[in-house]
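One structure is given here, and the rest of the page talks about it.
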Amino acid sequence: MSEVQVVHTAELPTTTLEAARALLDEAFDGDFSDEDWDHSLGGMHALIWEGAELIGHASSIQRRMIHNGRALRTGYVEGVAVRADRRGRGHGAALMGAVERVVQGAYDLGALSAAEAAAAFYAARGWQSWQGPSFALTPAGVLRTAEEDDSIFVLPLAIPLDLSGELTCDWRDGDLW
Ligand SMILES: CC(C)(COP(=O)(O)OP(=O)(O)OC[C@H]1O[C@@H](n2cnc3c(N)ncnc32)[C@H](O)[C@@H]1OP(=O)(O)O)[C@@H](O)C(=O)NCCC(=O)NCCS
């Protein structure tokens with residue numbers, strides 16, 4: 001079983017942050033923006049090492065999701081990647097297991113936006129596809145984010161959710177979900 005290190009951003013040396021960014025750049029074929037990286041910081045990172053080489057990363061950061069009139073403290077999962085030549089060996093599952101423990105222990109809800117190719121990976125772990133309309137709080141008001149509806153997954157915890165209801169995320173630069 002993969003050994004996963006779980007560390008807050010504040011405790012990570014610059015060299016590890018650089019290695020994580022490089023891993024994500026490679027895993028997303030250059031489609032991982034500075035904003036995407038920013039979204040992966042400020043929370044708990046799950047890291048898998050092979051010797052001195054970082055081969056897996058995922059993080060969980062805090063956001064607020066408004067649902068049923070409540071602003072739910074949400075563990076939002078970002079930056080999930082395993083180096084291409086190390087996939088299919090359980091590392092992704094180990095990273096998600098570590099991140100899910102953080103989410104379960106600290107938040108009302110887990111949420112993430114899945115790349116199309118990874119949706120089944122999350123679904124198999126019990127993440128549920130959001131069925132209702134999504135929105136974002138923006139400086140210009142509440143914005144419907146219809147193009148994101150199909151990519152949103154949640155990990156329901158103690159708070160009951162209506163998966164066909166509305167879900168509204170907080171504001172940030174870059175991709176809102
Ligand atoms: C998604 C990703 C992290 C999975 O990592 P991995 O190390 O290959 O995953 P694992 O080997 O732990 O697989 C765990 C289980 O999920 C399944 N699985 C892995 N990737 C899957 C996918 N894309 N779709 C469906 N199932 C998948 C595996 O078959 C395995 O199933 P099993 O337990 O029944 O054997 C990896 O493919 C990756 O880095 N992809 C590129 C970046 C990316 O898309 N990240 C997600 C962005 S939202």
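The values are calculated or read from the model by the stated rules, or taken from the named source; none is laboratory data. Being a predicted model, the structure only gives us computed values, none of them experimental. Cβ: placed from backbone, ideal geometry, glycine included. Neighbour counts: every protein chain shown. Only protein heavy atoms, including side chains, enter the accessible area calculation; ligands, DNA and RNA are left aside. Shrake-Rupley method; radii C 1.70, N 1.55, O 1.52, S 1.80 Å.
Of note:
- For the range 57-177, the per residue solvent-accessible surface stands at 46 Å², with DNA, RNA and ligands left out and a 1.4 Å probe.
- Applying 0.36 nm per residue to the separation of Ser129 and Gln104 and subtracting their alpha-carbon distance, the gain on full extension is 7.2 nm.
- Think of it as helices only: each DSSP H run of n ≥ 4 in the chain is worth -39500 (n - 2.57), and spread over all residues that comes to -7000 deg cm²/dmol at 222 nm.
- One compactness figure for the range 4-169 is 1.02, namely its Cα radius of gyration divided by 2.2 N^0.38 Å.
- Given charges at Cβ of Lys, Arg, Asp, Glu: the range 4-169 dipole, positive-most of Trp130, Thr168, Ala71: Ala71
- Protein accessible area in the range 4-169, 1.4 Å probe - carbon and sulfur %: 50 percent
- Near Ala118, once Lys and Arg are set to +1 and Asp and Glu to -1 for all other residues with Cβ below 12 Å from its Cβ, the sum equals +1.
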